[in-house]
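> Structure in structure tokens, see below.
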Amino acid sequence: MIKSMTGFGRCEIAEADRKFTVEMKGVNHRYLDVNIRMPKKLNFFESAIRNLLKQYVQRGKIDIFIGYEDMTESQMTLKYNQKLAEEYMASFKQMKEQFGLDNDVRVSTLARCPEVLTMEEQSVDEEELWSGLEKAMKGACEQFVQTKTTEGENLKKDIIGKLDGMLEVVARVEERSPQIVAEYREKLETKVKELLGDTQIDEGRIAAEIVIFSDKICTDEEVVRLKSHIKHMKETLEQTEGIGRKLDFIAQEMNREANTILSKANDLEVSNYAIDLKTEIEKVREQIQNIE
């Protein structure tokens, strides 16, 4: 199944007094562009997160939001800096002797001195931390891919419908071409009769002129190539992954053939058909921009 680049995924994992929440959303982009927002504590896992994401996504602009809550009681510890406290006490003693002051330092006074007592976050087992984060990432990625696949199938149906409509327009161009030549022959013969009156018409000259005109407006090659491109695009849509760029290239070739048909058109009806083709091709190209 083809995938859109537009999607959303969310997963929340709570285990061992820790909770991980991962949300991701994606839009179309030429390459894979990933933006990750997460707590500083999890920055160490950025490379692992990107590698994991590549297993699910090939291209698109993806924003990932990671939340982390640690509800364990022992996550913070109090640290006493004995060496720094000794330096404070030595300084207080020096100040007492220098200025003749009373040394009234209490434990509470010393404890309020900067950096004597500090709160430190305990180190966490990285493997244990990654285990929870990985589960949340995989859950979000799986939901993300599911929404991308659903949207991709909708895009596929829409594009195939437009391609079928284009085939109908191409059939009208094919049907109209011989009529143009017949109408041109009729107009040419009428014009010659008006100019020559009862004089004998040179059928050979008329036929030669018709051949030149027919060759000038002939779009057989363009029509054949356009139908081939449409068939190729339908076949490509049945493939599974990484078809966005290929589809865009095929659409460019289709547009080139439609342009040539329009430039050769010497008939208002065919011109309108060619314009309709170009309009539908542009709509297809817009849809293709969302395919991964």
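> Residues in the range 1-21 that are farther than 19 Å from Gly152 by Cα, surrounded by fewer than 19 Cβ atoms within 10 Å (Cβ to Cβ) and of a type in the set (Phe, Trp, Tyr): how many?
Number of matching residues: 0.
> Could we say that Asp215 is within 47 Å of the chain's Cα centre (by Cα), at pLDDT below 75 and either of a type outside the set (Gly, Ala, Ser) or open to solvent by 50 Å² or more (accessible area, probe 1.4 Å) (or both) here?
Answer is yes for this residue.
> Still on this structure, please answer the following. For Gln239, are the conditions met, namely being open to solvent by 40 Å² or more (accessible area, probe 1.4 Å), outside any helix (DSSP H, G or I) and closer than 21 Å to Gly60 by Cβ?
Spelling it out, Gln239 is indeed open to solvent by 40 Å² or more (accessible area, probe 1.4 Å), outside any helix (DSSP H, G or I) and closer than 21 Å to Gly60 by Cβ.
> What pairs can you find where one residue is in the range 248-259 and over 14 Å from Ser228 (Cβ atoms) and open to solvent by 30 Å² or more (accessible area, probe 1.4 Å), the other is assigned to a helix (DSSP H, G or I) and not polar (S, T, N, Q), and their Cβ atoms are less than 6 Å apart, with a gap of 6+ or different chains?
Asp248/Ile288; Asn255/Ile281
> For the range 22-40, name all the residues that are open to solvent by 30 Å² or more (accessible area, probe 1.4 Å), in contact (Cβ under 8 Å) with a residue 60 or more places away in the chain and either farther than 30 Å from Val284 by Cα or aromatic (Phe, Trp, Tyr) (or both).
Glu23
Conditions (1) modelled with pLDDT under 90; (2) within 30 Å of Glu23 (Cα to Cα); (3) among the small types (Gly, Ala, Ser); (4) in a helix (DSSP H, G or I), marked per residue:
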position	(1), (2), (3), (4)
Ser47	no, yes, yes, yes
Arg50	no, yes, no, yes
Gln55	no, yes, no, no
Ile66	no, yes, no, no
Thr77	yes, no, no, no
Ser91	no, no, yes, yes
Gln98	yes, no, no, yes
Asp102	yes, no, no, no
Val105	yes, no, no, no
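> Filtering the range 221-235 down to residues that are surrounded by 15 or more Cβ atoms within 10 Å (Cβ to Cβ) and β-branched (Val, Ile, Thr), which residue is modelled with the highest pLDDT? It would help to see each step written out before you state the result.
Taking the range 221-235 first, the residues surrounded by 15 or more Cβ atoms within 10 Å (Cβ to Cβ) are 222-223, 225-227, 229-230, 232-234.
Among the residues that remain, those that are also β-branched (Val, Ile, Thr) are: 223, 230.
Values: Val223: 87, Ile230: 96.
This residue is Ile230.
> For the range 51-86, give me each residue that is among the basic types (Lys, Arg), open to solvent by 80 Å² or more (accessible area, probe 1.4 Å) and under 17 Å from the mean Cα position of the chain (by Cα).
Lys54, the sole residue that qualifies.
> Next question. Out of (1) charged (D, E, K, R); (2) open to solvent by 50 Å² or more (accessible area, probe 1.4 Å); (3) at pLDDT below 85, what's the single condition that is false for Asp267?
Of (1) charged (D, E, K, R); (2) open to solvent by 50 Å² or more (accessible area, probe 1.4 Å); (3) at pLDDT below 85, only one is false for Asp267: (2).
The values are calculated or read from the model by the stated rules, or taken from the named source; none is laboratory data. The shown structure was predicted, so the numbers you read here are calculated from the model rather than taken from an experiment. Don't worry about glycine lacking a Cβ; one is built from the backbone with ideal geometry, like all the others, and counts go over all protein chains shown. When the accessible area is computed, the model is the full protein with side chains, heavy atoms only, and any ligands, DNA or RNA have been set aside. Shrake-Rupley method; radii C 1.70, N 1.55, O 1.52, S 1.80 Å.
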